[in-house]
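Take a look at the structure set out below.
The values are calculated or read from the model by the stated rules, or taken from the named source; none is laboratory data. Computed from a prediction, not measured in an experiment: that's the story for all the values here. Glycine gets a Cβ as well: all are built from the backbone with ideal geometry, and neighbour counts include every protein chain shown. All accessible areas refer to the heavy atoms of the entire protein, side chains included, with ligands and DNA or RNA removed. Shrake-Rupley method; radii C 1.70, N 1.55, O 1.52, S 1.80 Å.
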Amino acid sequence: MYLVDYHIHTQRCGHASGEDREYIEAAISRGLREMGFSDHVPRFYQPKDTKTAITERGMNAEDLEGYVRAVSAYRKEYPELKIKLGLEVDFVPGWEKEIERIASMYPWDYLIGSVHFIPEWNYGYIVRETEHGPEEIYPEYFKKVAEAAESGLFDFLGHIDLPKRTFERLAPEVMAELHRELAERLGKAGAVIELNTYGIRGSKVPNAGLYPDEQLLRFCREQGVRVTLGSDAHRPQDVGADFERATELLRSVGYTEIVTFERRVAKAVSWE
Ligand SMILES: [Zn+2]
Ligand SMILES: [Zn+2]
């Protein structure tokens, strides 16, 4: 099997543990063909209203260079594994130029575009939202994910239905309609999404499962949205975690290929 884990954090973001090499060694021992570090981008955005607090955490800007250098060095140290250089970048409308600047700074293999908060509301992690309920959160979150895809700034989109980590899903017919609309926009944008296993480990509701839900993934496949794989590991032992569940889902939805990236060029590979 050709499996990749493209969503891996490091200590630099301040909320992940373990040494970089432990993540690499976990990827090797799990038999992954590629792994990619994709730590949280240093905060590049400021709220328009200076009184609004930013509670999202990322790398410190001064650590970015060292991160890039370290990943490049690991490639020489571990020739048995393809190690990719990625970055998880918040999608914040209005800051596109800054994202382009970060994209041009280093030879990234890919940028993950992720929605972690709704800037019109606040700059806190969406799963801890208290002022808005799920009936507002889901449509707004999906809208931002679609806009992230349409921006063309990113190589793939992270955890596209993240709010379910905390918030119960809406009524099935409402959810189905939202899923259908999102998949259509992603398809038109030529997007790649990740199948992210973090929901299984890190959720507060019992049935969060993988990101995205099977229904959303099916609509995505129908719309020609391609897919890659990520664990969203914040601990070395989570590299490649629950990939059996992920491949089972890929198979049942009918994805025979996953997308790999090198220097921001996508390539489909048969994973089975
Ligand atoms: Zn994180
Ligand atoms: Zn994320």
All positions within segment 154-211 that are of a type in the set (A, V, I, L, M), without any contact (Cβ under 8 Å) to a residue 40 or more places away in the chain and over 16 Å from PRO134 (Cα atoms): ILE193, LEU210
Pairs where the first residue, in segment 107-131, is over 17 Å from PRO93 (Cβ atoms) and open to solvent by less than 10 Å² (accessible area, probe 1.4 Å) and the second is among the basic types (Lys, Arg) and within 15 Å of ligand 1 (Cβ to nearest atom), C-beta under 6 Å, 6+ apart: VAL127/ARG165
Failed criterion for GLU136 (all others in (1) modelled with pLDDT under 95; (2) surrounded by fewer than 18 Cβ atoms within 10 Å (Cβ to Cβ); (3) not basic (Lys, Arg) hold): (1)
Residues within segment 165-180 that are more than 16 Å from ligand 1 (Cβ to nearest atom) and touching a helix residue (DSSP H, G or I) at 6+ places or on another chain (Cβ under 7 Å), tallied: 8
Qualifying residue in segment 208-222 (condition: more than 17 Å from HIS9 (Cα to Cα), modelled with pLDDT under 95 and of a type outside the set (Lys, Arg)): yes
Subset of segment 6-31 (residues that are in contact (Cβ under 8 Å) with a residue 60 or more places away in the chain and in contact with a helix residue (DSSP H, G or I) (Cβ under 6 Å, 6 or more places away or on another chain)): ILE8, GLY18, GLU22, TYR23, ALA26
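Name the one entry in VAL225, VAL265 that is of a type in the set (Val, Ile, Thr) and without any contact (Cβ under 8 Å) to a residue 40 or more places away in the chain.
Details: VAL225 fails: without any contact (Cβ under 8 Å) to a residue 40 or more places away in the chain.
Matching residue, one of VAL225, VAL265: VAL265.
Starting from residues that are among the hydroxyl-bearing types (Ser, Thr, Tyr) and within 14 Å of ligand 2 (Cβ to nearest atom), keep the ones in segment 1-38 and report whichever is farthest from the chain's Cα centre (by Cα). Talk me through it step by step, then tell me what you get.
The initial filter retains those residues of segment 1-38 that are among the hydroxyl-bearing types (Ser, Thr, Tyr), namely 2, 6, 10, 17, 23, 29, 38.
From the residues that got through so far, the ones that are within 14 Å of ligand 2 (Cβ to nearest atom) too are 6, 10, 38.
On the way: TYR6: 8, THR10: 14, SER38: 9 Å.
Top of the filtered list is THR10.
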Segments classed as helices (runs of 4 or more DSSP H), wholly inside segment 1-108, with at least 2 members that are away from ligand 1 (no atom under 16 Å from the Cβ), hydroxyl-bearing (Ser, Thr, Tyr) and over 20 Å from GLU194 (Cβ atoms): 64-77
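Name the helices (runs of 4 or more DSSP H) wholly within segment 170-272 that hold at least 2 residues that are aliphatic (A, V, I, L, M) and touching a Phe, Trp or Tyr at 6+ places or on another chain (Cβ under 6 Å)?
By residue number, 172-188.
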Filter pass, ARG101 being within 16 Å of ligand 2 (Cβ to nearest atom), out of contact with any Asp or Glu (no Cβ under 8 Å at 6 or more places or on another chain) and open to solvent by 60 Å² or more (accessible area, probe 1.4 Å): no
Scope segment 75-98; condition closer than 21 Å to SER151 by Cβ and surrounded by fewer than 22 Cβ atoms within 10 Å (Cβ to Cβ); matching residues: PRO93, GLY94, TRP95, GLU96, LYS97, GLU98
Residue tally, condition within 16 Å of ligand 2 (Cβ to nearest atom) and in contact with an Asp or Glu (Cβ under 8 Å, 6 or more places away or on another chain), over segment 59-98: 6
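Filter segment 122-138 down to the residues that are in a loop (DSSP other than H, G, I, E, B) and over 19 Å from the mean Cα position of the chain (by Cα), then identify the one that is nearest to GLU168 (Cα to Cα).
So the first thing to find is which residues in segment 122-138 are in a loop (DSSP other than H, G, I, E, B), and the list is 122, 124-125, 129-133.
Restricting the remaining residues to those that are over 19 Å from the mean Cα position of the chain (by Cα) gives 122, 129-133.
On the way: ASN122: 21, GLU129: 13, THR130: 14, GLU131: 16, HIS132: 13, GLY133: 10 Å.
Among those that are in a loop (DSSP other than H, G, I, E, B) and over 19 Å from the mean Cα position of the chain (by Cα), it is GLY133.
Conditions tested, residue by residue: (1) closer than 20 Å to LEU249 by Cα; (2) among the hydrophobic types (A, V, I, L, M, F, W, C); (3) away from ligand 2 (no atom under 16 Å from the Cβ).
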{"site": "GLY124", "(1), (2), (3)": "no, no, no"}
{"site": "VAL127", "(1), (2), (3)": "no, yes, no"}
{"site": "GLU131", "(1), (2), (3)": "no, no, yes"}
{"site": "GLY152", "(1), (2), (3)": "no, no, yes"}
{"site": "THR166", "(1), (2), (3)": "no, no, no"}
{"site": "LEU195", "(1), (2), (3)": "yes, yes, no"}
{"site": "GLN215", "(1), (2), (3)": "yes, no, yes"}
Conditions (1) more than 14 Å from PHE156 (Cα to Cα); (2) open to solvent by less than 70 Å² (accessible area, probe 1.4 Å); (3) more than 16 Å from ligand 2 (Cβ to nearest atom); number of the one not met by ILE200: (3)
